[in-house]
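Every number here is computed from the coordinates shown, using simple stated rules; none is lab data. Model, not experiment: these values are computed from the prediction. Cβ: placed from backbone, ideal geometry, glycine included. Neighbour counts: every protein chain shown.
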Amino acid sequence: MSSNVTPRGSEPKAHGREEGPLRAHCEVLGVKPSGSFWSLTLVAPAMAERARPGQFITLAVDVGGATLRRPFSIASVSQQGPRAGTLEIVFSGVGQGTHWLAGRSKHDVLDVVGPLGRGFPLPNRQVPALLVGGGYGAAPMLYLARTLVARGHRVDIVLGARTAEQIWNTVEAKRVASSATFTTDDGSLGTPGRVTDVLDDVAARAGTEVVYGCGPMPMLAGVSRWAAAMGLPSQMAVEEAMACGTGVCMTCVVPVRRKGERRNVRACVEGPVLNGARVDWDAVRSPAMAQRELDEEAG
Amino acid sequence: MTTSSARTPAPPAASTASGPSAAAEPDVDLSVDLGGVTLANPIVTASGTFGSGREIDQFFDVGRLGAVVAKSITREPRQGLPTPRMVETSGGMLNAIGLQNSGIEAWLAEDLPWLRERGIPAIVSLAGNTVDDFRVLAERLRDVEGILAVEANISCPNVEDRGMVFACRTDPTREAVRAVAGTLSVPVLAKLTPDVTDITAIAAAAREAGASGVSLINTLLGMAIDPETGRPRLGGVTGGLSGPAIKPVAVRAVHQVHQALPDLPIVGMGGVTTTTDVVEMIRAGASAVAVGTATFGNPMATLEVLEGLRAWLAERGIERVADLRGTVRLPG
């Protein structure tokens with residue numbers, strides 16, 4: 001492979017391997033609003049084939065002064081039908097980089113690296129699974145839900161956000177899961193409050209044996225603590241500011257306890273999916289955690 | 001992970017058997033001398049931006065680079081600073097990692113064997129907070145095979161000097177470099193901070209103490225504050241600025257040191273992202289050029305500038321990259 005001269009819209013079989021991340025220039029199949037978020041679909045057959053729920057891709061964005069890629073959880077992959085070989089991401093469009101992405105058009109070509117990171121481990125037995133998503137963290141949860149349902153699992157979904165507009169794809173959640181429960185801070189949809197307020201009821205009804213989560217770190221902390229208290233295993237897709245996504249920059253670390261010792265592990269390679277019971281949530285210092293503390297100080 | 005059997009062989013450096021219509025790529029001698037050792041080409045990695053080498057080897061055969069400079073290692077494992085450790089800034093980023101690493105024993109047991117097995121030229125980066133740290137690390141490496149050169153990252157705080165960075169003053173620079181260069185037979189490169197009044201004086205001190213060359217530049221110390229919360233954006237409060245924003249500072253530092261000490265080998269680094277950035281560094285006086293933060297934005301960045309440099313030289317009929325070194329044309 002002669003590297004930098006990747007033709008437009010094609011994926012190289014990087015390094016001749018069948019697994020691991022690729023870097024490719026991928027054609028945009030479409031960008032469209034999806035509720036209050038954006039959905040972007042890429043033509044990326046080799047990445048779609050390798051991808052697992054919980055993994056992510058990074059995209060180069062052409063915004064003034066930005067030199068780093070933007071990471072996105074994979075929301076879906078299609079390997080059959082008219083959209084075969086495509087991969088979808090969902091994002092807010094609020095930041096400079098995602099605003100630029102929202103402005104892309106069909107046939108534009110994006111510089112993509114992926115699939116990256118450790119996805120959600122799937123249970124060996126067909127146990128009932130509870131999937132909890134915050135905001136657009138719903139997207140990888142629905143990808144996982146479809147995967148688990150296809151494997152014969154009962155899946156129950158809880159999605160939460162500040163307001164109804166910030167919950168992604170309630171329709172798909174209701175369609176794919178045995179039950180879908182929504183919570184909003186302002187009560188504009190579902191149960192007023194946070195996702196942790198409804199977990200006891202849902203788990204009792206569903207006979208939950210395993211818990212998965214994706215969303216802001218404070219939410220993941222709450223869900224992990226609840227799962228630990230219930231004696232349930234939990235797997236959480238964490239988010240932390242990352243520069244490279246490939247394991248070389250050491251910026252996206254999350255404190256994890258192993259054998260009584262605390263270690264900082266890289267969210268991009270050892271994660272983003274981590275055992276919720278092992279993460280030392282009290283030591284996590286992400287901006288979202290700091291914001292939650294500020295909110296609570298302010299009452 | 002990767003298997004060597006699945007590896008795509010590197011294309012030949014120069015084609016002599018191409019068809020009549022294909023423009024034969026002229027031979028370009030990319031080899032450079034770095035304080036007594038020869039690199040096959042001048043493109044290396046900046047410490048702390050390339051992991052152990054294995055992470056990026058998923059994307060291409062990193063053995064094609066001139067050398068891999070490993071992440072700085074310390075005597076004991078370090079967990080580093082709390083997050084956030086990174087904030088993107090205009091034209092670059094700030095980082096405050098706190099030298100998280102598994103320590104020298106783990107590096108020798110886990111990372112060096114992989115580099116050796118693959119035949120990848122390895123430059124070890126050593127970091128410490130006392131002169132004794134540097135001496136102990138160097139002694140541990142004395143009889144270790146498979147190390148091409150050592151980089152002494154003396155842009156670390158010296159706890160015996162009220163936390164002032166070794167490379168901010170000449171005497172601590174001499175002491176730290178002597179502790180490494182006096183112990184090892186392989187070339188020692190002193191990695192210097194640009195946050196000084198006269199970097200040529202520090203480079204001269206490093207050379208007096210036995211450094212075979214210098215790595216220019218480490219990150220610049222910077223800071224960013226969230227305007228709403230008033231909190232520093234980095235867990236470590238201040239951090240190192242890297243990326244294209246600092247390239248002119250790096251070119252200036254390389255130029256100044258090369259003018260002052262023309263025969264001192266220099267590894268130029270700081271915001272190098274494109275082929276012409278590499279050319280600029282070499283014209284300023286760099287013997288080799290390290291790509292750092294660019295690898296975060298593009299895992300192929302090192303290989304792309306290597307191939308770009310070969311083509312750039314070939315297009316201009318320059319047969320040896322070494323001939324380009326220090327070819328800045330000053331006025332007057």
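Loop-located trypsin sites (Lys or Arg not before Pro) in segment B:95-145 (DSSP state other than H, G, I, E, B) with a sparse environment of at most 14 neighbouring Cβ atoms within 10 Å: B:ARG142.
Given +1 at the Cβ of Lys and Arg, -1 at the Cβ of Asp and Glu and no other charges, the dipole of chain A around its Cα centre is 920 debye to the nearest 20. Straight Cα distances below 25 angstrom link B:LYS247 to the lysines B:LYS71, B:LYS191, with same-chain residues fewer than 8 positions distant left out.
Remark: mean inter-chain Cβ contacts per residue of B:289-302 equal 5, using a 10 Å Cβ-Cβ cutoff to other protein chain atoms. Restricting the GluC sites (Glu not before Pro) of segment B:96-175 to loop positions (DSSP other than H, G, I, E, B) with no more than 11 neighbouring Cβ atoms within 10 Å leaves B:GLU145.
Neighbour counts of other Cβ atoms within 10 Å put B:TRP107, A:TRP168 in the fewest-to-most order B:TRP107, A:TRP168.
Principal semi-axes of the equivalent ellipsoid, √(5λ) from the alpha carbon gyration tensor of segment A:129-298, are 25, 19, 16 Å from largest down. Provide, for q = 0.13, 0.14, 0.16 Å⁻¹, the log10 of I(q)/I(0) from a solvent-free Debye sum over equal Cα point scatterers in chain B. The computed values of log10 I(q)/I(0) come out as -0.95, -1.11, -1.45.
The tail of the calculated P(r) for segment A:70-157, taken as Cα-Cα distances beyond 20 Å, holds 45 percent of the pairs. Size check on chain A: the Cα extents along the three principal axes, sorted descending, read 54, 42, 41 Å. Packing-based ranking of B:216-229, B:318-331, A:98-111 yields B:216-229, A:98-111, B:318-331, ordered from highest to lowest mean Cβ neighbour count within 10 Å. Estimated purely from DSSP H runs of n ≥ 4, each contributing -39500 (n - 2.57), the mean residue ellipticity at 222 nm for chain B is -7500 deg cm²/dmol once divided by its residues. Ranked by the mean number of other Cβ atoms within 10 Å of their residues, highest first, the peptides B:92-103, B:281-292, A:270-281 fall in the order B:281-292, B:92-103, A:270-281. Mean per-residue shielding of peptide A:247-259 is 6, counting Cβ atoms of other chains within 10 Å of each Cβ.
Pairs of Cα atoms nearer than 8 Å and 6+ residues apart set the relative contact order; for chain B it is 19 percent. For segment A:183-259, the list of trypsin sites (Lys or Arg not before Pro) that fall in a loop by DSSP and count at most 13 other C-beta atoms within 10 angstrom reads A:LYS259. Working note: Cα atoms of the protein assembly as shown, range along each principal axis, descending, whole Å: 77, 67, 46.
Let me know the mean shielding of A:66-78 by other chains, meaning the per-residue number of their Cβ atoms within 10 Å of its Cβ.
3
Evaluate the Kirkwood expression for the hydrodynamic radius of segment A:22-116, namely the inverse of the mean inverse distance over all pairs of different C-alpha atoms, and round to one decimal in Å. Evaluated on segment A:22-116, it is 13.1 Å.
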